[in-house]
Amino acid sequence: MASPSPVTPTPLLKDELDIVIPTIRNLDFLEMWRPFFQPYHLIIVQDGDPSKVINVPQGFDYELYNRNDINRILGPKASCISFKDSACRCFGYMVSKKKYIFTIDDDCFVAKDPTGNDINALEQHIKNLLSPSTPYFFNTLYDPYREGADFVRGYPFSLREGVPTAVSHGLWLNIPDYDAPTQLVKPRERNTRFVDAVLTIPKGTLFPMCGMNLAFDRELIGPAMYFGLMGDGQPIGRYDDMWAGWCMKVICDHLGLGVKTGLPYIWHSKASNPFVNLKKEYKGIYWQEELIPFFQAATLPKECTTVQSCYKELSKQVKAKLGKVDDYFNKLADAMLTWIEAWDELNPSAQLPNGK
Amino acid sequence: MSPASVNDNEVDIVIGAFRSDLTSFMEEWRPIFSRFHLIVVKDPDVKEVKIPEGFDVRVYTESDIVKVVGSSKASLFSGYSSRYFGYLVSNKKYIISIDDDCSPAKTKDGDLVDIVAYHLNNLKTPATPFFFNTLYDPYQKGSDFVRGYPFSLRSGVPCALSCGLWLNLADYDAPTQALKPDMRNTRYVDAVLTVPLKSMMPMSGVNIAFDRELVGPAMLPALKLVKEGKVRWETMEDVWCGLVVKTVCDHLKLGVKSGIPYVWRNEKGSAIDSLKKEWEGVKLMEDAVPFFETLRLSRSSVTAEDCVVEIAAAVKERLGSTHAVFVSAAEAMVEWVKLWKAVRSLDH
């Protein structure tokens with residue numbers, strides 16, 4: 001059973017966590033987050049025109065990369081990093097030297113819980129990542145490691161230690177993360193339901209991962225968090241986080257790592273233009289019907305014991321099975337390999353077998 | 001929530017009575033239950049059951065049970081398994097069943113949680129077991145499928161089982177509650193979600209509802225602990241039933257939801273006293289879970305009855321040598337299907 005813990009304060013992890021923020025506009029939103037983010041190092045990935053100057057509010061410790069920097073650092077391998085799409089954020093994951101990453105969009109603000117208090121999203125993500133996940137058996141009272149919860153009757157005792165948590169997927173109040181068709185049909189719908197739960201997504205179950213409010217253990221799963229080829233020159237957009245989520249989940253399931261979803265909530269303020277979104281997503285909506293069966297059926301050989309080897313194996317399968325859906329997937333499979341090469345170059349020591 | 005409309009004639013509320021005086025229980029539930037037909041099945045150790053006026057209720061005693069199933073099969077319905085007799089004789093589409101030590105919960109606004117309306121809402125809207133929706137049940141008002149959810153999976157599948165939750169005393173096992181005697185569940189999680197395909201879960205009989213036409217044959221009394229007692233800490237019948245019905249639902253492409261509605265569960269029994277009994281149920285789960293995890297049913301099993309019979313055979317073959325209680329469970333499952341078919345044929 002979950003050990004009876006007194007409510008100990010959540011560690012800040014300020015020297016172990018980087019906050020990665022892609023931006024093309026400005027970083028005004030950081031002012032609202034200041035009380036929660038100021039202790040941390042920020043990695044800003046500036047998309048779009050590199051000659052534009054992005055102002056970072058005073059008092060934050062940060063490094064900023066624009067497209068020129070990405071090209072300079074990666075050379076020809078920069079081709080795997082998207083341009084004119086927030087998918088470029090994964091460059092930030094690659095250059096970080098920390099154990100944990102929290103990534104957030106620049107139109108996401110501090111939400112309030114039902115008692116009216118500001119939600120410290122980062123603290124909740126840390127709690128999620130520092131406590132185990134339970135992918136092998138569903139606990140009907142959700143995360144058993146939260147204060148005030150536990151494993152229910154019937155939950156096998158041998159499964160109560162859980163597995164390490166690799167990813168913490170947060171949610172959004174106000175503008176929900178709907179696709180373009182849903183946005184067009186329900187332009188006024190807002191997510192007002194605060195669901196006070198965190199839960200592990202069971203092994204073998206896929207989900208649509210949203211990159212707006214996301215944290216992960218870079219040492220456990222970093223190389224799998226490639227956000228694909230989107231934006232400029234690409235036939236598709238708004239599937240970057242989806243792609244990363246499906247690859248990541250297959251690998252986590254294989255390596256015995258956990259993925260949580262639920263709290264924390266942030267306040268999503270900006271509804272993007274549904275017509276623009278429709279153009280970006282259009283192909284994805286069709287391709288997804290092939291992608292999902294592919295990922296559901298994907299298996300990785302026992303010999304793949306590192307994230308990198310799992311990811312390279314997946315890219316082979318993408319080429320073999322999805323290349324015929326569209327040539328884009330051949331390019332994507334190549335880009336996946338380029339990403340791993342670049343990752344290993346920038347992170348030379350971190351080639352330990354993962355998970356157990 | 002905008003509940004699907006509830007037709008009084010499609011619901012039976014089934015209660016297994018462990019106490020003789022059900023007056024306070026029924027009075028608490030009157031605002032919610034009085035519209036519906038109730039089936040109360042009396043545990044044999046309980047003397048006559050006392051029920052207040054104003055309810056449309058049928059009480060079944062052990063002699064009623066013997067009349068229907070014969071004296072040799074009556075033991076199937078003893079103890080916590082008494083309620084299954086109610087499932088057997090009901091002719092309604094939906095069954096809602098709760099323990100007799102529960103009261104209605106209250107929402108944050110102070111209203112009574114109408115478990116009938118919520119359970120039926122769960123059962124009457126599709127389930128989505130093939131892909132996880134991060135905004136939980138997309139069919140609830142104010143929710144929908146999120147970006148990235150495949151469109152071909154958005155019509156969902158019929159929901160066969162709705163598992164509710166509990167405020168105050170959650171359904172923990174005896175060791176957990178004994179270790180944390182003051183722990184109370186105060187967290188109202190305002191969501192219901194589909195339990196994904198192939199994901200197993202511990203079903204709690206304290207607060208459930210199901211579509212009898214879809215999975216009635218799989219909601220079965222089978223696993224009886226040698227030292228089964230009169231408190232939930234000393235049973236596993238519902239947990240076993242849950243493993244069976246989830247396997248059947250996964251195979252038949254039906255859905256199982258878990259979450260709201262909540263009931264308020266009251267104090268009953270002593271966790272420490274239950275702890276003194278052998279942890280039989282706990283040990284059994286260590287064998288049962290790996291078995292269900294790897295169980296695959298054949299394509300020829302196309303009804304819930306077929307599935308149960310196939311599962312029973314597999315239980316006997318693969319778990320029978322581990323513990324005699326599994327052999328009895330397998331036999332009980334086969335008996336149950338026979339009874340189910342026999343009672344159904346009487347209706348025609």
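The values are calculated or read from the model by the stated rules, or taken from the named source; none is laboratory data. Since the model is a prediction, treat every value here as computed from it, not as a measurement. As a convention, Cβ positions derive from the backbone with ideal geometry for all residues, glycine included, and neighbour counts pool all protein chains shown.
Go through (1) under 18 Å from the mean Cα position of the chain (by Cα); (2) within 11 Å of chain A (Cβ to nearest Cβ); (3) at pLDDT 90 or above and name the single condition B:Thr186 misses.
Status for B:Thr186: all satisfied but (1).
Report every pair of residues separated by at least 6 positions or lying on different chains whose Cβ atoms are under 6 Å apart, first residue within the range A:278-290 and facing another protein chain (nearest Cβ under 10 Å), second in a helix (DSSP H, G or I) and buried (at least 19 other Cβ atoms within 10 Å of the Cβ).
Taking only residues 6 or more apart or on different chains, the pairs are A:Glu281/A:Ala180.
Determine whether B:Ala271 is of a type in the set (Gly, Ala, Ser), farther than 30 Å from A:Ala197 by Cα and surrounded by 14 or more Cβ atoms within 10 Å (Cβ to Cβ).
no
So how many residues does the range A:151-194 have that are of a type outside the set (Asp, Glu), buried (at least 22 other Cβ atoms within 10 Å of the Cβ), in contact (Cβ under 8 Å) with a residue 40 or more places away in the chain and assigned to a loop (DSSP other than H, G, I, E, B)?
Residues meeting the conditions: 2.
Is there a residue in the range B:21-35 that is of a type in the set (A, V, I, L, M, F, W, C) and more than 20 Å from B:Tyr262 (Cα to Cα)?
Going residue by residue through the range B:21-35, those that are of a type in the set (A, V, I, L, M, F, W, C) are B:22, B:25-26, B:29, B:32-33.
In the following step, the residues that additionally are more than 20 Å from B:Tyr262 (Cα to Cα) were identified as B:22.
Yes; the residues of the range B:21-35 include at least one that is of a type in the set (A, V, I, L, M, F, W, C) and more than 20 Å from B:Tyr262 (Cα to Cα).
Which one of these does A:Gly211 not meet: (1) assigned to a helix (DSSP H, G or I); (2) more than 10 Å from every other protein chain (Cβ to nearest Cβ)?
Condition (1) is where A:Gly211 drops out.
Return the only residue of B:Pro196, B:Pro217, B:Pro202, B:Pro261 being more than 14 Å from chain A (Cβ to nearest Cβ) and either at pLDDT 95 or above or surrounded by 24 or more Cβ atoms within 10 Å (Cβ to Cβ) (or both). Give the steps one after another, and end with the answer.
Working: B:Pro196 fails: more than 14 Å from chain A (Cβ to nearest Cβ); B:Pro202 fails: more than 14 Å from chain A (Cβ to nearest Cβ); B:Pro261 fails: more than 14 Å from chain A (Cβ to nearest Cβ).
That would be B:Pro217, the only listed residue that is more than 14 Å from chain A (Cβ to nearest Cβ) and either at pLDDT 95 or above or surrounded by 24 or more Cβ atoms within 10 Å (Cβ to Cβ) (or both).
So which residues in the range B:114-129 are surrounded by fewer than 23 Cβ atoms within 10 Å (Cβ to Cβ) and touching a Gly at 6+ places or on another chain (Cβ under 9 Å), if there are any at all? Before you say what the answer is, go through the steps one by one.
Residues of the range B:114-129 surrounded by fewer than 23 Cβ atoms within 10 Å (Cβ to Cβ): B:114, B:116-118, B:124-126.
Hits for the range B:114-129 are B:Tyr118, B:Thr125, B:Pro126.
Specify the residue that is surrounded by the fewest Cβ atoms within 10 Å (Cβ to Cβ); the eligible residues are those in the range B:50-83 that are of a type in the set (Gly, Ala, Ser), touching a residue at least 12 places away in the same chain (Cβ under 8 Å) and assigned to a loop (DSSP other than H, G, I, E, B). Break it down stepwise before answering.
To start, the set of residues in the range B:50-83 that are of a type in the set (Gly, Ala, Ser) comprises B:54, B:63, B:70-72, B:74-75, B:78-79, B:81-82.
Still in the list and also touching a residue at least 12 places away in the same chain (Cβ under 8 Å): B:54, B:74, B:78-79, B:81-82.
Applying the additional criterion that residues be assigned to a loop (DSSP other than H, G, I, E, B) yields B:54, B:78.
Numbers: B:Gly54: 10, B:Ser78: 17.
Across the range B:50-83, the extreme among qualifying residues is B:Gly54.
With respect to B:Lys108, determine if the residue is part of a loop (DSSP other than H, G, I, E, B), within 27 Å of B:Met26 (Cα to Cα) and away from every other protein chain (no Cβ under 14 Å).
No; evaluated as a whole, the condition is false for this residue.
Taking the condition of being among the small types (Gly, Ala, Ser) and either part of a loop (DSSP other than H, G, I, E, B) or free of Cβ contacts under 8 Å to residues at least 12 places away in the same chain (or both), how many residues in the range A:214-230 meet it? Can you show your working first?
If we filter the range A:214-230 for residues that are among the small types (Gly, Ala, Ser), which is where we start, we get A:215, A:222, A:224, A:228.
Next cut, either part of a loop (DSSP other than H, G, I, E, B) or free of Cβ contacts under 8 Å to residues at least 12 places away in the same chain (or both) only: A:228.
The qualifying residues number 1.
Filter the range B:157-181 down to the residues that are more than 8 Å from chain A (Cβ to nearest Cβ) and either β-branched (Val, Ile, Thr) or within 25 Å of A:Pro114 (Cα to Cα) (or both) and list them by number.
Answer for the range B:157-181, where residues must be more than 8 Å from chain A (Cβ to nearest Cβ) and either β-branched (Val, Ile, Thr) or within 25 Å of A:Pro114 (Cα to Cα) (or both): B:Val157, B:Gly164, B:Trp166, B:Leu167, B:Asn168, B:Leu169.
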